[in-house]
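The values are calculated or read from the model by the stated rules, or taken from the named source; none is laboratory data. Fair warning: this is a prediction, and the values are worked out from it, not measured in the lab. No Cβ is skipped: glycine too gets one built from the backbone with ideal geometry, and neighbour counts run over all protein chains shown. Just the protein is used for accessible areas: all its heavy atoms, side chains included, with ligands, DNA and RNA removed. Shrake-Rupley method; radii C 1.70, N 1.55, O 1.52, S 1.80 Å.
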Amino acid sequence: MNITVQCIKFDADPKLVEFINKKAEKLNQFLDNIIDGLCNLRVESVGGEADKFVEFKFNIPGNQLFAKAQAKSFEEAVDLALESIRRQINKHKTKTRTNASNHKEVINQADEF
């Protein structure tokens with residue numbers, strides 16, 4: 001899986017980019033046909049301590065997964081966003097399995113007539 005990391009108005013440390021790639025590669029355990037991913041990192045002065053924003057966008061066949069997180073550090077925000085993506089993957093897989101099993105039932109009923 002190819003992940004593009006974009007930093008808005010700053011340069012990311014190579015260790016941070018490596019951390020993001022390592023964490024995102026773990027998503028292959030849940031869904032092995034992820035086409036590519038995009039990660040946007042930005043720092044905004046919101047007035048609080050949690051000023052680091054991370055956005056992930058993953059393309060999978062027939063769908064696109066998106067998650068956004070805000071935290072005190074980029075590492076924490078990456079963990080939160082990828083956990084959200086993992087839940088979306090599980091939901092997508094459940095829907096796909098349900099639709100496939102419903103189609104099989106309809107085909108079997110049609111064969112009976």
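Identification of strands (runs of 3 or more DSSP E) wholly contained in the chain with 2 or more residues that are touching a Phe, Trp or Tyr at 6+ places or on another chain (Cβ under 7 Å) yields 36-43, 52-60, 63-71.
Within the stretch 33-50, the only residue that satisfies the criterion of being free of Cβ contacts under 8 Å to residues at least 12 places away in the same chain and in contact with a strand residue (DSSP E or B) (Cβ under 7 Å, 6 or more places away or on another chain) is E44. Selection of the stretch 75-90 for residues being open to solvent by 10 Å² or more (accessible area, probe 1.4 Å) and within 12 Å of the chain's Cα centre (by Cα) yields D79, L80, L82, E83, S84, R86, R87, Q88, N90.
Taking the listed residues K15, K72, the one that is loosely packed, with under 13 Cβ neighbours inside 10 Å, without any contact (Cβ under 8 Å) to a residue 12 or more places away in the chain and among the basic types (K, R) is K15, with no other qualifying. Only residues that are open to solvent by less than 70 Å² (accessible area, probe 1.4 Å) and more than 13 Å from the chain's Cα centre (by Cα) were counted in the stretch 45-60, giving 5.
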